[in-house]
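Shown next, in structure tokens, is the structure this report addresses.
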Amino acid sequence: MQASILQAIFSGLALGSIYSLVALGFNITYNTTKTFNFGQGEFLVAGAFIGVSVLLLLAGHDLQGSLEIAEVTLARYGLSLAATFVLMGALGVVLYYTAVRPFFGKPGLAWVMSTIGFGIIVQNIALAIWGPSPMVMPSPLGNDVIRIGGAGVLPQEILVLCISVALMLCLDLIMRKTRLGKAVRAVAQSGPAAVLMGINVTAIIVLAFIVSSSLAGIAGLLIAPITTASVFMGLTLALKAFSAAIVGGLSNPRGCMLGGFLLGILEAMVGLWQAELREISIFLLIIFVLVLKPEGLLGQRLVEKV
């Protein structure tokens, strides 16, 4: 039993780190523009397939080919991560200028439908290129189960956790210790005041969408060796990541990370007992947190001056 609990904790940490990455993307665009990319799940799909495609091309296959374990080396996986980061960042720029900026600052919620529509376009393009069948992606570390304290852990789960935590620590450091991070926080506090301070607000907002989209893409590529790359994999992951942001505190990046890990561990632990209750437990937790602390565990209560 102890080994099963330990295994569930390892799986929950790996899954939670994926939720945290995507939740962090929601936090970045919310803080800078008060908008979200509701197509974030489809960006996760795009990232997974871009990464798989890079690996296929490096191995000399076409885009509909299949990968052998020996063809996915750490070096190639690193190249696919870098390519995914760059291409998904470019897609984030396109998203901002076509689906968000035309409606930015205007009344109504037109940007909600435009980001959903953009996500559907991305999903259908992926469907046309790669088809509806899931694509198996081997882990660069192989599939041999590692034993830790009696619990079996997949090498990819350890890799997912290490890369995700490294990315989150880097972002946290940048946000708190660099001039760029201070500029982002200034825009989050007040756009007009940031303009008066000489900050290029538009550049900061574009950067926010680049980072948000890249994080979703990398999350998709990291989880693909565990779940397979599928055109339909994004919606559930993005919904749970958004839930994690709500639980941890949408306005607080550390809260979003905490919420992701909490949901991942909760899901894995409940799944150990009764798999059908995993989703129920997550949304019960959201309701519980929103009732007791509507701004989220680490969120700040907004005070409006009259």
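The values are calculated or read from the model by the stated rules, or taken from the named source; none is laboratory data. These numbers were taken from a predicted model, which means no experiment stands behind them. Cβ: placed from backbone, ideal geometry, glycine included. Neighbour counts: every protein chain shown. Heavy atoms of the whole protein, side chains included, go into the accessibility calculation; ligands, DNA and RNA do not. Shrake-Rupley method; radii C 1.70, N 1.55, O 1.52, S 1.80 Å.
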Can you pull out every residue in the stretch 134-189 that is outside any helix (DSSP H, G or I) and of a type in the set (A, V, I, L, M, F, W, C)?
MET135, VAL136, MET137, LEU141, VAL145, ILE146, ILE148, ALA151, VAL153, LEU154
Name the pairs whose Cβ atoms lie under 7 Å apart, with the first residue in the stretch 274-290 and open to solvent by less than 60 Å² (accessible area, probe 1.4 Å), the second not in a helix (DSSP H, G or I), and 6 or more positions between them or separate chains?
VAL289/GLY296; VAL289/LEU297
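Residues are listed down the side, and each one gets a yes or a no for (1) open to solvent by 80 Å² or more (accessible area, probe 1.4 Å); (2) in contact with a Gly (Cβ under 9 Å, 6 or more places away or on another chain); (3) closer than 27 Å to LEU6 by Cβ:
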position: ILE125; (1), (2), (3): yes, no, no
position: SER133; (1), (2), (3): no, no, no
position: ASN143; (1), (2), (3): yes, no, yes
position: ARG147; (1), (2), (3): yes, no, yes
Need pairs with beta-carbon distance below 9 Å; first residue in contact (Cβ under 8 Å) with a residue 12 or more places away in the chain and on the phi > 0 side of the Ramachandran plot and within the stretch 231-259, second assigned to a helix (DSSP H, G or I) and not β-branched (Val, Ile, Thr); sequence gap 6+ or separate chains.
GLY249/ASN27; GLY249/GLY255; GLY249/CYS256; GLY249/LEU258; GLY249/GLY259
Among (1) free of Cβ contacts under 8 Å to residues at least 40 places away in the same chain; (2) surrounded by 14 or more Cβ atoms within 10 Å (Cβ to Cβ); (3) within 23 Å of the chain's Cα centre (by Cα), ALA82 falls short only on (2)
I'd like the full set of residues that are of a type in the set (Gly, Ala, Ser) and over 26 Å from GLY191 (Cα atoms), limited to the stretch 84-123.
GLY117, GLY119
THR202 vs (1) farther than 18 Å from GLY39 by Cβ; (2) in contact with a Gly (Cβ under 7 Å, 6 or more places away or on another chain); (3) polar (S, T, N, Q): all pass except (2)
Can you tell which of ILE218, ILE205 is surrounded by 13 or more Cβ atoms within 10 Å (Cβ to Cβ) and closer than 30 Å to GLY131 by Cβ?
ILE218
Subset of the stretch 221-239 (residues that are of a type outside the set (A, V, I, L, M, F, W, C) and open to solvent by less than 10 Å² (accessible area, probe 1.4 Å))
GLY234
Tell me, which residue of the stretch 188-202 that is open to solvent by 50 Å² or more (accessible area, probe 1.4 Å) and either of a type in the set (A, V, I, L, M) or touching a residue at least 24 places away in the same chain (Cβ under 8 Å) (or both) is nearest to TYR97 (Cα to Cα)?
VAL195
Within the stretch 27-72, the count of residues that are open to solvent by 10 Å² or more (accessible area, probe 1.4 Å), over 16 Å from ILE125 (Cα atoms), not β-branched (Val, Ile, Thr) and not in a loop (DSSP other than H, G, I, E, B) comes to 6
Output the qualifying pairs, or none if there are none: Cβ atoms under 7 angstrom, residues six or more apart or on different chains, first residue in the stretch 88-110 and within 21 Å of SER214 (Cα to Cα), second residue modelled with pLDDT under 90 and part of a loop (DSSP other than H, G, I, E, B).
LEU95/ASN37; VAL100/THR35
Every residue in the stretch 170-206 that is of a type outside the set (A, V, I, L, M) and under 22 Å from the mean Cα position of the chain (by Cα), please.
CYS170, ASP172, ARG176, GLY181, ARG185
